[in-house]
Structure formats: structure tokens, C-alpha cells
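The values are calculated or read from the model by the stated rules, or taken from the named source; none is laboratory data. In this text the structure is predicted, and so the values were computed from the model without any measurement. Cβ placement follows ideal geometry from the backbone for every residue including glycine, while neighbour counts extend to all protein chains displayed.
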Amino acid sequence: MNLRPGPEEPDLEPAGAAEPWLNRNIVGMGISSLFSDWGHEMATAILPLFIVTIGASPAALGVIEGASDGAATFAKLAGGRLADRVGVRHLAATLGYLITGLATGSFALAQTWFELLIARTVGWMARGVRGPCRDNLLVESVPAAKVGTAFGFHRSFDTLGAIIGPLCAMFLLHRIGFRSIFVLSLVPGVLSAVSFFFFVREPKEEHLEGPRAFPGWNAAMPPAFRRFLLAVGVFGIGDFAHSMLILRAAQLMGSSAKAMSIAVGLYVVHNVAHAILDYPIGVAGDRYQRRYLLAGWYVVSLIAAIGFAIGPTSFVSLVVLFILEGTVMAAEETLESAVAADLLPANVRGTGFGILAGVNGVGDLVSSVAVGLLWTHLSAEAAFGYAALMSAMGSVLLFLAV
């Protein structure tokens, strides 16, 4: 497979020189993701606490997170199909960023958790469309040997935004309140779409291998990729939305105003760990067996879930658990796409990314709803114990199946 980077300024790269992985497209995608995560993570960090203030339960949070991700599954599949269409995916990704930003800002208008569910679903469906389109543009914009590095670099920008957003929310929470924070999230949300539109370009079609027409679904599902999807899916049905950790931390520390601020701060720690590990994990994935690294981090997820099930109340223990969960997210986002790129033919890679995103979406639906219901009707111990069991099974399948 011989993939070339996206278009660059002709005076920056002499003829015949080695093709760099850090080009205009990669930087542009990184900036767009930084702004996007800045915006929606401002909202995500306070969403569990806002839900409590309007009288909803952990089950409602699970339904909001799970159902929005589940509905986004269909959008991710559509996004995968669009990702194999040169000339369409750039516009689709741009609109995806814009709609996500607008939907997140509309949280300010919600009076019930059902209205939050509608807004979150619209925003996450837009994310579903844009994700495979952006990922395929990223793969086609770098040399094949640097795909993992490029994913890691991009995810580090993504997570830098996920640090800035909750920090802003934590600072502003007791100054301007929930609804004003949701309104402010519109600014970085809109900037993400503007950045993607102006900085990112479509790689030239003649540089790409294989036909660009819509492939059949079977063509995008070689046997090794099917086995990989099974492992990811099993892990995914226990991989609940990490915003639920904020609610768990606040609960363990007494649910006071101070506890809420500390819980948001712990989510910042989670995202810092995520950001720090994104790039190194991507580089490690280019040097070692990506799938075994990913399976190892599924084990880390098991350990963290057991910790949250036990429910430590000390601040240090909670910091460690949030850090572990942050590293797990870094490994998932960086390595899952890179492993998929290894297993998929170039001309159906976008469709494959859509299928992978769809499997993750179904997992998010099942896991968040299941954890929320178990938490509400049984106990937090049962909820996080279920998540630990699914992590263990997913790790074993990934070691054995790929």
C-alpha cells in the first residue's frame, strides 16, 4: 500500500524529497478537533451535574449517553460510505463539526432530560458522519508507515481541547452557571467547522489506489477485520461513557458543591492523561504489534472498572482511577483506527471505518444504558462490575482472534 500525503504548498517541499507525515491536512484536522472537543467537553463535563439539578437519575444519564451514541451508529455507517467518495467527505466532515457545535450549545435551552437527549443525539449523529470521513482523509494524507503516528498526533490535539473545555467549565461553573457555559461552548464549536473548511483539503484522486465507487459491505469485511470487530464489540458493551465517572466521583465525595467541582477537576485529570498518552501510543503502535498493545489497555480498563466498583473515597485513589481511564481512552481512539487501517483494503477503508464506528456506537448504547440501569436499580458496584467483566472478555478475544 503506497499512500501519499495531502496537497502541500509547492515551495515547502522540494521535488523528490521524502514525503512528510506532518502536513497541512494533519495540522488542520488537529486544530479542528481541538476546537470541537473544547466546545463539547465544556458541556460534557457539567452535563452529569446539570442532569441532577433538573431531577434526573443516573439511569437518565445512561440513556442520554447511550441512546445518542446508538443513534449515531447509523450516521457512522453513512459516514463510512461517504468517506470513500472523493469530493464529498470534506463537506460532510465540515458540516458534522458545525452541527455538533450548534447542538451542544442548544443544551442551554433544555428544561428536561428528554430535551437533552434530543440535542445530544443530533450532535452525536453529526459526529458520526464526520468521523470516518476525517479518518479516511487522515490516512490518505500521510505515508503508510506513519499512520499510527498521525492518528496519535491528531488525537493529542483532540484531547488538548478536551482538557481546555472542562477547565473552562470548572472555572466558570460557580460564576456564570450551567446554561451560560452551554452557550459559550458555541464559540469553539463553530470555530472547529471554520478551521476544517479552510485548512483541510482533499488529496488528489489520482494519488489514491483502487476504485472510489461505493464498495459492497462484504468487501469491507475481510475475515481478520470481522474477528477484530467482535473483540471491539464485546469490549464496547461494557465501555460506558466516561462522563458517568464524574457522577460516581461526586457521589463518593458527598455530592456537595465542592464535590461537584472536584469531580469536574478529576475529569480534567482524565483528559490530561488522555492527551499525554495519545501521541506516544500512536508511535508505539507503529513500532510494535498494535493489536496486542490495544488488548493490554483493555486489561487496564478492567482494573479501573474494578476500582470504581469498590468505590474508594480518598482523593489520591480517585486521581489514579481517572488517570487509568484516560489512558484507556487514548489507546482506544488511537489504536483501534490504526489496527482497522492495517486490516482493510485501501478502496474500502472508509466503509470499514464506518463499520468500526458503528460497532462502537452499538457498544456505547448498550454499555451506558446497562451501567445506568444497574446503578439505579441495583448498585454502583454491580454497574462497574459489569463493565469490568466486559473489559476482560474483550481483551481475551482481541488476543486470540486477530
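If you take the residues of the stretch 123-162 that are more than 16 Å from the chain's Cα centre (by Cα) and over 16 Å from residue 27 (Cα atoms), which of them is surrounded by the most Cβ atoms within 10 Å (Cβ to Cβ)?
144
Restricting attention to the stretch 230-249, report how many residues are in contact with a Pro (Cβ under 6 Å, 6 or more places away or on another chain) and outside any helix (DSSP H, G or I).
Looking only at that region, the number is 1.
For the stretch 369-385, which residues satisfy the criterion of being buried (at least 24 other Cβ atoms within 10 Å of the Cβ) and of a type in the set (Val, Ile, Thr)?
Result: 371, single match.
Run down 293, 277 and say which single residue is out of contact with any Pro (no Cβ under 8 Å at 6 or more places or on another chain), within 17 Å of residue 398 (Cα to Cα) and in contact (Cβ under 8 Å) with a residue 40 or more places away in the chain.
293
Let me confirm something: among 226, 248, which residue is under 22 Å from the mean Cα position of the chain (by Cα), modelled with pLDDT of 75 or more and surrounded by fewer than 15 Cβ atoms within 10 Å (Cβ to Cβ)?
Answer to the check: 226.
List, please: which pairs have Cβ atoms under 6 Å, are six or more places apart or on different chains, and start with a residue in the stretch 125-137 that is among the small types (Gly, Ala, Ser) and end with one that is surrounded by fewer than 24 Cβ atoms within 10 Å (Cβ to Cβ)?
The qualifying pairs are 126/99.
State all residues of the stretch 306-336 that are touching a helix residue (DSSP H, G or I) at 6+ places or on another chain (Cβ under 6 Å) and not in a helix (DSSP H, G or I); if no residue qualifies, say none.
311, 313
Given the structure, is residue 70 at pLDDT below 80, touching a Pro at 6+ places or on another chain (Cβ under 7 Å) and of a type outside the set (Ser, Thr, Tyr)?
No: the conditions fail for residue 70.
Name the one entry in 321, 294, 302 that is modelled with pLDDT of 85 or more and under 17 Å from the mean Cα position of the chain (by Cα).
294
Go through the stretch 34-77 and give me each residue that's surrounded by 24 or more Cβ atoms within 10 Å (Cβ to Cβ), small (Gly, Ala, Ser) and out of contact with any Ser or Thr (no Cβ under 7 Å at 6 or more places or on another chain).
45, 72, 75
Name the residues in the stretch 251-282 that are within 30 Å of residue 343 (Cα to Cα) and surrounded by fewer than 16 Cβ atoms within 10 Å (Cβ to Cβ), would you?
Within the stretch 251-282, 280 is the sole residue that qualifies.
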